[in-house]
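One structure is given below, encoded as structure tokens.
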Amino acid sequence: MDKIVTEVEQDAAVAALKRLISHPSYTTAAAPGAPFGQDIRLALDEVLAICHELGYHTYEDPDGYYGYAETGDGDETFGIIGHVDVVPAGDPSDWDSDPYTGVVRDGAIFGRGSQDDKGPSIAAIFAVKALENRGYHFNKKIRFIFGTDEETLWRGIAKYNEKEAPIDLGIAPDAEFPLIYAEKGLQQSYLVGPGSDSLQLNLVNAFNAVPAKAPYDGPKQAEVQSALDRHGFAYEKTATGLVVTGKSVHAMLAPQGTNAVLRLAIALDDVFPMPVLDFVGKCFKEDATGANLLGDVSDEQSGHLTFNISSLTITPTESRMQIDMRIPVTIDHDQLINQVSTAVKPFGLTYENFDYVAPLYVPTDSDLVKTLMSTYHDLTGDDTQPQISGGATFARTMHNCVAFGAMLPGTPDFMHQVNENWELSRMYKAMDIYAEAIRRLCTD
């Protein structure tokens with residue numbers, strides 16, 4: 001099998017990724033032409049500038065919702081769908097280097113977005129460029145589509161689908177190899193209850209990450225500290241209070257994390273009589289499958305429900321929790337929501353919808369899946385079969401599209417975490433896989 005990607009494309013990809021990481025492209029206040037904040041618009045500008053420098057035709061939505069870059073010919077369009085937005089880096093002092101400076105050390109590139117999803121998008125871009133550099137001719141249009149608020153509400157990609165013609169087939173390089181042919185439904189919501197005059201909290205985090213820290217500088221700190229000790233929960237003392245500590249993971253892997261917000265709420269429930277704290281301390285507790293609230297919600301195809309409570313705010317007028325549920329593919333969505341609404345009522349809580357994304361399913365015997373899987377098997381020797389995931393990727397927003405890489409099996413997962421990084425050897429292997437897959441699917 002011919003070697004397609006060389007050191008030329010590898011080095012160029014790393015340099016381009018450094019440029020893209022330099023933009024702190026998490027959601028901020030809207031501005032003209034930047035519906036999700038100026039930094040996201042600048043990241044969109046940057047990735048399109050990179051593609052333009054490679055000779056690709058580029059288009060940027062004038063309102064700043066999306067952009068795309070295109071090369072090749074043909075009546076069909078092969079889409080490669082990524083996103084330029086990231087989750088916030090948190091406290092930069094927790095990182096070993098500036099999260100918004102792409103730093104290469106110890107054989108890896110560090111920076112927010114290196115794994116999710118700037119690195120994989122850049123890897124795919126330069127894999128395609130390597131094919132062109134080797135003289136291959138595309139018999140399909142290759143279109144790189146860049147969304148701008150994948151970490152929140154997917155409004156950018158929705159605008160793309162509203163304005164642009166659909167692709168014929170494609171991939172989203174925003175998950176794990178070998179391939180994800182089905183994705184759980186994604187429901188993000190709020191649980192809202194009465195407020196409190198005796199306790200205020202403002203623990204706000206991304207929906208889709210298990211929170212690793214929960215600071216507390218409110219009243220009755222000695223009693224709260226004693227409660228944390230009784231429960232065996234880790235915490236740190238600061239000049240103004242306490243910081244409960246846990247382990248952050250992506251919400252789709254919530255049972256593998258340690259939720260600091262839940263742990264603080266459980267301790268606070270021992271000290272303050274409040275409905276929202278009773279819900280956490282006496283019912284939900286730390287079960288990230290939601291079984292304590294709903295019983296077993298699972299299926300043979302995709303496993304258990306995951307139920308992540310990422311945020312808790314308490315004001316004099318209301319209490320509010322953010323929840324992120326990854327719903328097994330055969331579970332009836334409306335029935336589950338009714339079950340949640342009923343189960344939280346005894347705690348004075350009401351259910352409010354925020355966003356829902358339906359599940360994805362592409363048959364494993366489709367030409368797309370068979371070609372991608374044969375490519376992966378041939379280049380790695382790994383006979384792992386296609387998977388179902390709790391993650392939500394842009395693949396589910398397009399016709400005949402699946403999540404394909406870019407993380408190889410065994411890659412440490414630093415998505416949404418401190419010191420996010422991607423080993424360069426694994427990045428280069430992903431480039432090889434993308435180049436060969438697109439060669440098989442899109443060249444003469």
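The values are calculated or read from the model by the stated rules, or taken from the named source; none is laboratory data. Please read these numbers as outputs of a predicted model, since none were measured by experiment. Because the Cβ atoms are built from the backbone with ideal geometry, glycine has one as well, and the counts that use them run over all protein chains shown. Only protein heavy atoms, including side chains, enter the accessible area calculation; ligands, DNA and RNA are left aside. Shrake-Rupley method; radii C 1.70, N 1.55, O 1.52, S 1.80 Å.
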| query | Of the numbered conditions (1) aliphatic (A, V, I, L, M); (2) farther than 22 Å from PHE414 by Cα; (3) in contact with a Lys or Arg (Cβ under 7 Å, 6 or more places away or on another chain), ALA49 satisfies every one except a single condition; which is it? | reply | (3)
| message | Looking for something open to solvent by 20 Å² or more (accessible area, probe 1.4 Å), within 30 Å of ILE388 (Cα to Cα) and of a type in the set (A, V, I, L, M, F, W, C) - is there at least one such residue anywhere in segment 213-226? | response | no
| said: Test of understanding: among PHE146, PHE110, which residue is open to solvent by 10 Å² or more (accessible area, probe 1.4 Å) and more than 20 Å from VAL369 (Cβ to Cβ)? | reply: PHE110
| note | Of (1) at pLDDT 95 or above; (2) crowded, with 23+ Cβ neighbours inside 10 Å, GLU183 fails just (1)
| task | Being among the acidic types (Asp, Glu) and free of Cβ contacts under 8 Å to residues at least 24 places away in the same chain is the filter; apply it to segment 1-38 and report the residue that is least open to solvent (accessible area, probe 1.4 Å). | result | ASP11
| remark: A careful count of residues in segment 75-102 that are part of a loop (DSSP other than H, G, I, E, B) and exposed (fewer than 15 other Cβ atoms within 10 Å of the Cβ) gives 6
| request: For segment 348-356, state whether one or more residues are touching a Phe, Trp or Tyr at 6+ places or on another chain (Cβ under 6 Å) and either in a helix (DSSP H, G or I) or of a type in the set (Ser, Thr, Tyr) (or both). | output: no
| Total residues in segment 29-74, condition small (Gly, Ala, Ser) and either at positive phi or assigned to a helix (DSSP H, G or I) (or both) | 8
| note | HIS377 passes all but one of the listed conditions (1) open to solvent by 30 Å² or more (accessible area, probe 1.4 Å); (2) under 30 Å from PRO24 (Cβ atoms); (3) at pLDDT 95 or above; (4) not in a loop (DSSP other than H, G, I, E, B); the exception is number (2)
| said: Which residue is modelled with the highest pLDDT, if the candidates are limited to segment 300-312 and must be open to solvent by 20 Å² or more (accessible area, probe 1.4 Å) and not in a loop (DSSP other than H, G, I, E, B)? | reply: HIS304
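State all residues of segment 281-299 that are part of a loop (DSSP other than H, G, I, E, B) and not hydrophobic (A, V, I, L, M, F, W, C); if no residue qualifies, say none.
Keep residues of segment 281-299 that are part of a loop (DSSP other than H, G, I, E, B), which gives 285-290, 295-297.
Selection gives LYS285, GLU286, ASP287, THR289, GLY290, GLY295, ASP296.
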| note | Every listed condition ((1) outside any helix (DSSP H, G or I); (2) β-branched (Val, Ile, Thr); (3) over 23 Å from THR397 (Cα atoms)) holds for THR342 save (1)
